[in-house]
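Enquirer: Can you keep this structure in mind? I'll have questions shortly.
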Amino acid sequence: MKTVCVLMSTYNGEKFIETQIKSVLAQKDVIVKLLIRDDGSSDRTVPIIQEYVSKHEEISFYSDKNLGPAKSFLHLLKSAPKADYYSFCDQDDYWEETKLISAVRKIEEKEGPKSETPVMYHSNLKIVDQELKFIRMAHTKDYSAEKPYASLVENSVTGCTAVMNYALARIINSKTPEELTMHDAWCNIVCSFLGKKIYDSNAYIQYRQHANNAIGMKKASLSSNVKTRVKRIKNSAFQPRMVNATQFYKCFRKELGSEQRREVKKMIEYKKSFLNRLKLLFDFKIKAFSLKEYLKYRILILMGEI
C-alpha cells in the first residue's frame with residue numbers, strides 16, 4: 001500500500017475537528033500519516049488534537065505562531081516526512097473512506113506507480129451545511145482540459161481535494177514565495193507549468209460550510225464585492241493574480257521556457273503602461289477556463305485590478 005501524508009492546518013476548530021480526524025484515519029487501502037500544525041488556536045483545538053496523538057501513533061503534531069492558512073499549509077509541506085503522496089486537509093470537512101485511494105489510483109492509472117513526473121490530482125466536492133446535509137456539487141465544469149496559463153487567472157484546485165506526489169512536493173518545497181494568496185492557488189500554478197494535473201469529476205469529500213469557515217465557498221455579498229474592489233483600487237499591492245504571477249516568476253523563471261517567461265511577464269508588467277495593458281487584454285493564451293471568469297478577468301485588466 002502507498003503512504004499518504006495528510007497535512008492538516010488547524011485554527012480554533014474545536015467544533016468539527018474530531019469528525020475530520022476520524023474520517024482521515026478511516027481511509028481505506030492506503031497507509032495514512034497525519035501531520036497537524038496548529039496555527040495559534042485559543043479554543044480547545046490543541047487539547048483535542050493532543051488526545052488523539054496520545055492514542056494514534058500515525059498522528060504527529062506541532063504548534064507555532066499564526067501564519068494564516070496559506071503559509072501554514074506550505075509550512076506543513078516543508079515539515080512533512082517523505083511519503084509517496086501528500087494531501088492537504090481542512091479541519092472541518094468529512095472525507096469519505098475512498099477519498100485518498102481514489103486519488104492514488106487515478107494518478108497511477110495515468111502516470112504509472114513509479115513515475116517521476118510531478119503530478120497533482122484534484123476533484124469535485126460535495127458542498128454540505130454544518131450538519132453535513134448535501135447542498136450542491138461544487139463544480140459543473142470538467143477541468144481536465146484546462147490549459148496551464150488558466151492557473152494564472154483562476155484557481156480550479158480546491159486544496160482539500162488535492163493529492164500530489166513526492167516529485168511535485170519536492171519542487172514546491174524548493175522555493176518559498178515572499179507573498180502568497182492561497183496555498184492551493186500556488187500549488188496549482190507550479191504544477192500547471194512544471195508538472196501534470198489530473199481532474200476527477202467525482203467527489204469524495206463533504207465540504208462543510210458554516211459561519212466560522214477559515215476557507216470556504218461562500219458566495220460573496222454585493223457589499224463584500226464592492227469593498228474588495230475599493231481595496232484593490234486603493235492598494236496597488238492587493239492584486240492577487242499579479243502577486244501570484246510575480247512570485248512564480250521570481251521563484252521559477254529559470255525552469256520556464258522563453259515563451260512562458262514572456263507570457264508571465266505580461267501579467268507582471270501590465271500596469272506599467274497603457275500599451276502593456278492592451279497587450280495583456282488581447283493575449284488569448286492567458287485566459288480563464290470558465291466563461292464567467294474569462295469575462296471578469298478581461299474587465300479587471302481594464303480596471304487595473306488583476
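The values are calculated or read from the model by the stated rules, or taken from the named source; none is laboratory data. Bear in mind the structure is a predicted one, so any value in this text is a computation, not a measurement. Cβ placement follows ideal geometry from the backbone for every residue including glycine, while neighbour counts extend to all protein chains displayed. Keep in mind that these areas ignore ligands, DNA and RNA; they rest on the heavy atoms of the full protein, side chains included. Shrake-Rupley method; radii C 1.70, N 1.55, O 1.52, S 1.80 Å.
Enquirer: What residues from region 286-306 fall in the zone where the backbone N is under 19 Å from a label point 7 Å along the Cα-to-C-beta line of residue 278?
Expert: Only 286, 298-305 fall inside the zone, counting backbone N under 19 Å.
Enquirer: Could you compute the FRET efficiency for residue 25 and residue 132, with r as their C-beta to C-beta distance and R0 at 22 Å, rounded to 0.05?
Expert: With R0 = 22 Å, the Cβ-Cβ based efficiency is 0.80.
Enquirer: Right, next: Hey, got a sec? Which trypsin sites (Lys or Arg not before Pro) in region 1-68 land in a DSSP loop and have at most 14 other Cβ atoms within 10 Å?
Expert: Answer by residue number: 28, 44, 65.
Enquirer: Same structure again: Greater than 23 Å separation of Cα atoms is the criterion. Which listed pairs, 114/196; 106/141; 250/272, meet it?
Expert: From 114/196; 106/141; 250/272, over 23 Å: none.
Enquirer: Going Cα to Cα from residue 133, which aspartates and glutamates come in below 16 Å? Please leave out same-chain ones fewer than 8 positions away.
Expert: Partners within reach: 92, 93, 96.
Enquirer: Then there is this: Report Rg(Cα)/(2.2 N^0.38 Å) for region 23-134, keeping two decimals.
Expert: Relative to the rule-of-thumb radius for its length, region 23-134 sits at 1.16.
Enquirer: If you don't mind, another one. Provide the gained length on full extension for the span residue 201 to residue 178, in nm with one decimal, where the gain is 0.36 nm per separating residue minus the Cα-Cα distance.
Expert: Full-extension gain reported as 5.0 nm.
Enquirer: Test of understanding: in a Gaussian network model of the chain with alpha carbons linked when under 10 Å, which of 251, 160, 187 would top the mean-square fluctuation ranking?
Expert: With Cα springs under 10 Å in the chain, the top fluctuation among 251, 160, 187 is at 251.
Enquirer: I'd like the carbon and sulfur percentage of the solvent accessible area for region 40-150, probe radius 1.4 Å, heavy atoms only, ligands and nucleic acids excluded.
Expert: Exposed carbon and sulfur together represent 47 percent of the surface.
Enquirer: As an exercise, use a Förster radius of 35 Å and the Cβ-Cβ distance of residue 62 and residue 255 to find the FRET efficiency, rounded to the nearest 0.05.
Expert: It comes to 0.70.
Enquirer: Please report, in whole Å³, the volume per residue of the convex hull around the C-alpha atoms of region 166-216.
Expert: 119
Enquirer: If you don't mind, there's one more thing I want to ask. Per DSSP H run of at least 4 residues, take -39500 (n - 2.57); add these up for the chain, divide by its residues and hand me the 222 nm value, nearest 500 deg cm²/dmol.
Expert: Taking each H run of at least 4 residues, the total per residue is -12000 deg cm²/dmol.
Enquirer: Go through region 32-96 and name the chymotrypsin sites (Phe, Trp or Tyr not before Pro) that are in a DSSP coil and have 16 or fewer other Cβ atoms within 10 Å of their Cβ.
Expert: Qualifying residues, ordered by number: none.
Enquirer: Then there is this: Just to verify a number: FRET efficiency for residue 287 and residue 78, C-beta to C-beta distance, R0 = 30 Å, to 0.05?
Expert: Approximately 0.40, to the nearest 0.05.
Enquirer: So what is the accessible area of region 1-122 per residue, in Å², with the probe set to 1.4 Å?
Expert: 45
Enquirer: Can I ask one more? For region 249-306 and region 131-197, compute the distance between their C-alpha centroids and round to whole Å.
Expert: 19
Enquirer: Extending each Cα 7 Å along its Cβ direction at residue 262 and residue 110, get the distance between those two points in nm, one decimal.
Expert: Reported label-point gap for residue 262 and residue 110 is 2.9 nm.
Enquirer: Run the simple label-point estimate for residue 302 and residue 18 please: 7 Å along Cα→C-beta, distance reported in nm.
Expert: Distance between label points: 5.5 nm.
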